[in-house]
1. Based on what the data block shows, is ARG146 open to solvent by 60 Å² or more (accessible area, probe 1.4 Å) and closer than 17 Å to LYS18 by Cα?
2. Of all residues in segment 51-98, count the ones that are over 17 Å from the mean Cα position of the chain (by Cα) and among the aliphatic types (A, V, I, L, M).
3. Which one is farthest from ASP61 (Cα to Cα) among residues in segment 164-218 that are within 14 Å of the ligand (Cβ to nearest atom) and aliphatic (A, V, I, L, M)?
4. Yes or no: segment 30-38 includes at least one residue that is touching a strand residue (DSSP E or B) at 6+ places or on another chain (Cβ under 7 Å) and open to solvent by less than 60 Å² (accessible area, probe 1.4 Å).
5. I'm checking my understanding of the structure. Among residues of segment 39-57 that are free of Cβ contacts under 8 Å to residues at least 12 places away in the same chain and hydrophobic (A, V, I, L, M, F, W, C), which one is nearest to the ligand (Cβ to nearest atom)?
6. Take segment 58-97 and flag every residue that is among the aliphatic types (A, V, I, L, M) and away from the ligand (no atom under 11 Å from the Cβ).
7. Of a type outside the set (Lys, Arg), more than 17 Å from MET1 (Cα to Cα) and within 11 Å of the ligand (Cβ to nearest atom), is that true of ALA145?
Amino acid sequence: MDLILLGPPGAGKGTQAKMMADRWEIPQVSTGDILREAVKEGRPLGLEAKSFMDRGELVPDRVVIGIIGERLEEKDAAGGFILDGFPRTFPQAEALQEILGEMGRKINCVLSIEVEEEKLVVRLTGRRICRNCGQSYHLVFNPPARDGICGRCGGDLYQRDDDKEETIRQRLTVYREQTQPLVAFYESKNLLKKIDGGDSKEKIFSRIVEVVESDCRG
Ligand code: AP5
């Protein structure tokens, strides 16, 4: 099953992608996570991407298209994948179609997680992430048992550089201008499934399971 998760920053794409990956045993492929890892390791890719990410802008298409082209060739993606945060522009969507076409594959479904804007800001300003294992928390909705400490591995929790309110607003503007038009693009291809993302993560996940198991099995 080859799936795309579309939605604004804070819609819960990463949260749901992890739950989906566990259920269907296919990898979550997050361009944001791959870029942050490259920044952390000080690789050239990270150095190029960091200034765009810190400003809440998109990293150039050629960079992320290259990342996805390589990642989808990996063995663990042979039985399917969940794209989280890609594509975000028309050139990315077209490149994806080409990459998959060359592999004899195609997207089965595009799940668009929809959440009102003020909820997104609250979710993102409260997000904290484990520096060690990447587990995500929220100060109000999913707090760690011990302040600042990951309940899974004991690592320190930190706030992403782009989760400051001003940068969040910029990311939302970029989403509206450059990524939201993809909703209509995939709707016109009969691939789009809208998911109400305003409830608890468990309720949203049940909706996703229902849709995927009835409509996206290919
Ligand atoms: P990326 O990492 O993809 O960030 P994003 O799309 O802005 O998405 P987020 O990770 O912020 O949110 P999410 O929807 O995954 O929500 P989450 O589950 O974490 O991209 C970062 C940057 O990298 C971009 O700005 C860009 O510069 C660059 N980039 C990445 N991909 C690119 C591309 N294709 N092209 C160009 N540039 C690219 O949840 C958020 C919070 O809410 C968490 O605290 C969580 O615990 C909480 N939460 C989740 N669900 C619920 C719920 N149901 N109820 C209450 N709280 C919830």
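1. The answer is no for ARG146.
2. 2
3. Only one residue tops the list, namely ILE204.
4. Let us first name the residues in segment 30-38 that are touching a strand residue (DSSP E or B) at 6+ places or on another chain (Cβ under 7 Å), namely 30.
With open to solvent by less than 60 Å² (accessible area, probe 1.4 Å) added as a condition, the list becomes 30.
For segment 30-38, residues touching a strand residue (DSSP E or B) at 6+ places or on another chain (Cβ under 7 Å) and open to solvent by less than 60 Å² (accessible area, probe 1.4 Å): present.
5. Step one: filter segment 39-57 for residues free of Cβ contacts under 8 Å to residues at least 12 places away in the same chain, giving 40-44, 46-47, 50-52.
Narrowing the set further to residues that are hydrophobic (A, V, I, L, M, F, W, C) leaves 47, 52.
Working: LEU47: 14, PHE52: 5 Å.
Top of the filtered list is PHE52.
6. Here is the first cut: in segment 58-97, the ones among the aliphatic types (A, V, I, L, M) are 58-59, 63-65, 67-68, 72, 77-78, 82-83, 93, 95-96.
Result: LEU72, ALA77, ALA78, ILE82.
7. Working: of a type outside the set (Lys, Arg): yes; more than 17 Å from MET1 (Cα to Cα): yes; within 11 Å of the ligand (Cβ to nearest atom): no.
Judged against the criteria, ALA145 is not a match.
The rows are residues; the columns are (1) under 20 Å from ASP33 (Cα atoms); (2) acidic (Asp, Glu); (3) open to solvent by less than 30 Å² (accessible area, probe 1.4 Å).
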residue	(1), (2), (3)
GLN170	yes, no, no
GLU177	no, yes, no
ASN190	no, no, no
ASP199	no, yes, no
ILE208	no, no, yes
ASP215	no, yes, no
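The values are calculated or read from the model by the stated rules, or taken from the named source; none is laboratory data. The structure presented is a predicted model; accordingly, all values stated were derived computationally and were not measured. Cβ coordinates were reconstructed from backbone atoms using ideal geometry, including for glycine residues, and neighbour counts include every protein chain displayed. Remember, those area values only see protein heavy atoms, side chains included, never the ligands or the DNA or RNA. Shrake-Rupley method; radii C 1.70, N 1.55, O 1.52, S 1.80 Å.
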